[in-house]
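Read-outs: derived from the displayed coordinates by stated rules, not from any lab. Just so we're clear, the structure is a prediction, and the values are computed from it rather than from any experiment. Note that each Cβ is placed from the backbone with ideal geometry, even for glycine, and that neighbours are counted across all protein chains shown.
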Amino acid sequence: MTDFAGKGALVTGAGSGIGKAIALGFAHHGGIPLVTDRDESLAREVVAEIVAAGGRADAMGLDVRDTDGICAAVEASVELAGRLDVLFNVAGINIPKNVEMINEDEWHSVMDVNVTAVYLASKYSIPHMRRRGGGAIVNIASIAGIMAENRCSAYSASKGAVVLLTRNMAMDFAGDGIRVNAVCPGSTRTPRTEGYWQKSPIGKSEMAEMCPMKRSAEPEEIARPALFLASADASYITGAVLAVDGGMTAGFVVPTFERM
Ligand SMILES: NC(=O)c1ccc[n+]([C@@H]2O[C@H](COP(=O)([O-])OP(=O)(O)OC[C@H]3O[C@@H](n4cnc5c(N)ncnc54)[C@H](O)[C@@H]3O)[C@@H](O)[C@H]2O)c1
């Protein structure tokens, strides 16, 4: 159903994992994404994949902590497709430390990448969307923005902020035809999580055990709901915070009842 023919998008953190799957999916459905990442070579590889499949896209090195870089990326995405219909805020980092362990620089780096960049990319994209009568912003938050995740003090705080910033922007820009929604992934197999699982090999099965569906998601399983929220199929959805987590946030287990 999803059709992005001729539409433009800016995707941050699109060089790997969930952002890559979103960029590939957007292009697969006819859209023209500007694929950005702190690591420009990764972004170029994603664009090569899109072009090889017959799609259109361009790559740009963008560290989302750089305000001028964000402005340049917004302008470049408008130039690429002639319009900016969708902003996918995907870039995110985690430093799994509690408040006693995390230092101020680490705290600010998580906040800068995970929250301030969402504010900045939205701020500079909204005028272009408004000019064309509307658009969509999809923020990739986390289930850590719904429930606190142990040790991940800055990460949980940042993703909780993204959830409420999503709802705030949904209210403030509904009148401009701009819909703003968030996807909250649960554990997803990406280079980031594979990095954790290499350090702690039982981590993967531990995560799976915590999840009612007993497995992690593939990046495409997060990308598809994000693309839906960006599409005309979601024309009456704004301010939604969609957990895509195999049931992780659905409830809690009472061991007594399991034994009855
Ligand atoms: N993988 C999971 O289990 C999971 C779960 C919940 C939420 N998320 C969220 O999904 C998003 C993507 O995560 P992922 O697992 O695909 O990660 P990933 O590390 O595989 O990919 C993230 C990409 O963002 C880029 N990036 C990092 N810092 C950047 C910066 N300052 N500027 C621009 N690009 C930057 C990296 O180079 C990388 O290509 C993040 O916001 C993350 O918090 C992931």
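Data overview
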item	result
Among G160, V254, P96 - extreme Cα towards positive end, dipole of the chain, charges at beta-carbon	V254
Rounded to whole Å, sorted largest first: equivalent-ellipsoid semi-axes of the range 1-153, Cα gyration tensor	28, 16, 14
Computed label-point distance, nm, for sites T256 and D39 using a 7 Å Cα→Cβ extension	4.9
Additional length obtainable on full extension of the chain from E79 to A148, 0.36 nm per residue less Cα span	20.8 nm
Within straight-line cross-link reach of K159, lysines at Cα separation under 17 Å, skipping those fewer than 8 residues along the same chain	K97
Reachable aspartates and glutamates from K7, criterion Cα separation under 14 angstrom, eight or more residues apart if same chain	D58, E79, D85
For the chain, convex hull of alpha carbons as volume per residue, Å³	137
Pairwise label distance in nanometres, M111 with K123, each label 7 Å out on the Cα-Cβ vector	1.5
Cα gyration tensor category, rounded, prolate or oblate, for the range 1-89 with a/c compared to 1.5	oblate
Dipole of the chain, positive direction: furthest Cα of A226, G17, T190, with charges on the beta-carbon	A226
Cα gyration tensor category, rounded, prolate or oblate, for the range 155-260 with a/c compared to 1.5	prolate
Estimated FRET transfer efficiency when R0 is 30 angstrom, pair E100-L164 (beta carbons, to 0.05)	0.75
Computed magnitude of the charge dipole of the chain (debye, nearest 20; Cβ of K, R +1, Cβ of D, E -1)	540
Separation of the A48 and E194 label points, Cα + 7 Å toward Cβ, nm	1.7
Helix-only mean residue ellipticity at 222 nm for the chain, each DSSP H run of n ≥ 4 adding -39500 (n - 2.57), per residue, nearest 500	-14000 deg cm²/dmol
Principal semi-axes in Å for the range 104-207 [√(5λ), Cα gyration tensor, largest first]	30, 14, 12
